[in-house]
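Since every read-out is calculated from the coordinates, none of them should be taken as a lab result. Values in this document were obtained by computation on a predicted structure and should not be read as measured data. Cβ: placed from backbone, ideal geometry, glycine included. Neighbour counts: every protein chain shown.
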Amino acid sequence: SAAFIREQVVAPLLAEGLPESFRMYGVCEKGAVWFAIGAQGMGEIAVDESVALPQTVVDALRLLVHEDFADTMFFDETKQAMVSVEQRTDVDSEAYKACQPAFNQAAFAILERHGLGVRFEDQVAPNAAGEVPFRLDATIISTDIESVTLDKNHAAERALAFFAEGGPLPHLWRSVGDSRSDYRMADHLHEAGYDVSHVDVRPLDGILDRPYPVIVMGEQIHDEAGASFLDHWVEKLGLR
């Protein structure tokens, strides 16, 4: 979410000091939310309302979590276009996994009841026009309820368009992620003709077969793997 980027990414960068001239851009919620980042911090946040869930459905999903699943999950109030219901940090994975299927079915039923048109795995409930504009995307720590037009490749395309406004684009790119959907950032860059590799910081989920290199950081995962990857490039570029 934009709130997470503001607090966990931009604030520490500002504390260290950002240069006056550089290109940095935030794209959140798989392309539904975006903003420029400059020497003074985050710029105005834009939200693509055309892909957002109706407020009545958001409210119904929030109520579902609070009334029936609050012991294992929480409703992410920072999301602006999609809905994310996530595993509580004080709950172990097995307890969350045991409850997640019931939540997914209840959430699916809410969207179907409101006539939105929704899909989840092999379940499909079209709207009155026969369309299916929304989906449930379940991960090991969350369930996202979102427009089918949103994805990491869409977010990468939006970021590239912004960077191109500031001058020629670099030819060499690296994407980093902890889920299989994150590969789609590198997919887009590869298809656009760039030299790209993807850094998988959770390779135990299974490394995908791709026509570009996939990097793993030895035995390191998650934040530690990401930090080591950044350290490598700080040294390679002589930035220390």
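Given 37 °C and 0.692 mPa s, compute D for region 123-213 with the Stokes-Einstein relation, Rh being the Kirkwood radius over Cα pairs; round to the nearest whole µm²/s.
For the chosen part, D equals 219 µm²/s.
So if we plug the beta-carbon distance of residue 140 and residue 191 into 1/(1 + (r/R0)^6) with R0 = 30 Å, what FRET efficiency do we get, rounded to 0.05?
0.60
Take the alpha carbon atoms of region 174-240, find their center, do the same for region 1-34, and report the distance between the two centers in whole angstrom.
Distance between centres, Cα-based: 19 Å.
According to a simple spin-label model (label point 7 Å from Cα along Cα-to-Cβ), what is the distance in nm between residue 239 and residue 148?
Placing both labels 7 Å along Cα→Cβ, they lie 4.0 nm apart.
From the alpha carbon gyration tensor of region 16-78, can you work out the equivalent ellipsoid semi-axes (sqrt of 5 times each eigenvalue) and give them in Å, largest to smallest?
Numbers: eigenvalues 221, 47, 12 Å².
In descending order the semi-axes read 33, 15, 8 Å.
Within the chain, what percent of beta bridges assigned by DSSP are antiparallel, to the nearest 5?
Within the chain, antiparallel bridges account for around 70 percent of the total.
Efficiency by 1/(1 + (r/R0)^6): what FRET value for residue 113 and residue 39, r their Cβ-Cβ distance, R0 = 51 Å, to the nearest 0.05? Mind showing how you got there, number by number?
Numbers: r = 48 Å, r/R0 = 0.94.
That gives a FRET efficiency of 0.60.
Relative contact order of the chain, please, whole-number percent, based on alpha carbon pairs below 8 angstrom and at least 6 residues apart.
13
Can you give the charge dipole size of region 1-146 about its Cα centre, rounded to the nearest 20 debye, using +1 on the beta carbon of Lys and Arg and -1 on the beta carbon of Asp and Glu?
For this selection, approximately 260 debye.
Taking θ as phi - 60°, what are the ³J(HN,Hα) couplings along region 115-126 by the Karplus curve (6.51, -1.76, 1.60), each to the nearest whole Hz, with x for Gly and Pro?
x, 7, x, 8, 10, 8, 6, 8, 8, 9, 10, x
At 0.692 mPa s and 37 °C, plugging the Kirkwood radius over alpha-carbon pairs of region 170-239 into Stokes-Einstein gives what diffusion coefficient in µm²/s? Don't skip to the end; give the middle numbers.
On the way: Rh = 12.4 Å.
Estimated via Stokes-Einstein, D reaches 265 µm²/s.
Between 234, 170, 10, whose Cα lies farthest towards the positive end of the dipole of the chain when Lys and Arg beta carbons carry +1 and Asp and Glu beta carbons carry -1, centred on the Cα centre?
Result: 170.
Can you pull the percent of Cα pairs in region 42-144 with separation above 18 Å?
48
About the Cα centre of region 170-239, what is the dipole size in debye to 20, counting +1 per Lys and Arg Cβ and -1 per Asp and Glu Cβ, all else neutral? It would help to have the intermediate numbers written out before the result.
Numbers: 6 positive and 13 negative charges, 39 e Å.
Approximately 180 debye in magnitude.
Count the lysine pairs in the chain whose Cα atoms sit under 23 Å apart, keeping only pairs 8 or more residues apart in sequence or on different chains.
For the chain, qualifying lysine pairs total 4.
I need the Kirkwood Rh of the chain: take the reciprocal of the average 1/r across all distinct C-alpha pairs and report it in angstrom. The partial results should precede the final answer.
Details: mean 1/r = 0.0509 Å⁻¹.
Taking every pair of different Cα atoms in the chain, averaging 1/r and inverting gives 19.6 Å.
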